[in-house]
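As structure tokens, the structure follows; a few thoughts come after it.
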Amino acid sequence: MKPAASPMPSTPRCLVRRAVWLAPLLALTGCSALDGAASRLSTIGGLVTPYRMDILQGNVVVREQVQALQPGMTREQVQAILGTPLVASVFHANRWDYVFTFQRQGQAPQRRVVSVFFQGDRLERVQADELPTEEEFVSSLDVRRKAAQPPVLEATEEQLKAFEAKAPAPRAASPAPAAREPASGSAPAVAPSYPPLEPR
């Protein structure tokens with residue numbers, strides 16, 4: 001007589017394959033759902049936002065610099081005014097590109113491109129986006145929250161009297177200790193002598 005085989009659950013191969021394919025899909029779906037929740041929780045209702053550092057890339061070129069360029073200038077003169085180009089391609093040797101991008105939290109990203117075209121070694125033309133003046137650019141950087149008004153540093157007579165009443169009475173200044181004189185029978189004190197720091 002054969003012993004009865006214990007019922008053992010069998011897992012077909014197709015279930016294992018489906019589980020292998022389904023696990024990464026579920027993980028990706030969960031990550032995308034958690035990403036949105038994390039961004040909502042990180043701001044705590046918009047009251048507190050995480051710090052994101054300013055990202056400044058490229059060359060800052062302002063309107064006055066472009067206005068200083070004149071057709072016929074040499075490459076060295078252009079470089080003295082605008083600085084080293086961000087893009088100077090071997091395939092486009094007659095074109096220099098100055099690209100500027102600036103990203104700051106709570107501000108729209110800025111992107112400006114200035115392209116300088118040469119004919120041989122001389123400046124032919126300049127193609128540029130709308131550029132701010134130097135003053136406008138500097139003022140656009142100063143958009144942080146302004147500090148509160150500084151406190152008034154003047155006290156009224158009543159405040160001064162109240163302060164004097166609270167302050168402890170000043171202590172009497174103790175007299176400075178008199179210099180000690182050597183005992184009558186001992187030799188006068190000699191200042192210590194140290195060896196020189198470098199050999200002579």
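No value in this document is a laboratory result; all are computed from the given coordinates. In this text, all values refer to a predicted model and were calculated from it rather than measured experimentally. Here the Cβ is made from the backbone with ideal geometry for all residues, glycine too, and neighbour counts use every protein chain on show.
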Estimated distance in nm for a label pair at residue 55 and residue 99, the labels positioned 7 Å out from Cα along Cα-to-Cβ = 1.3 nm
Net charge of Cβ neighbours under 14 Å - reference residue 61; Lys, Arg +1; Asp, Glu -1 = -3
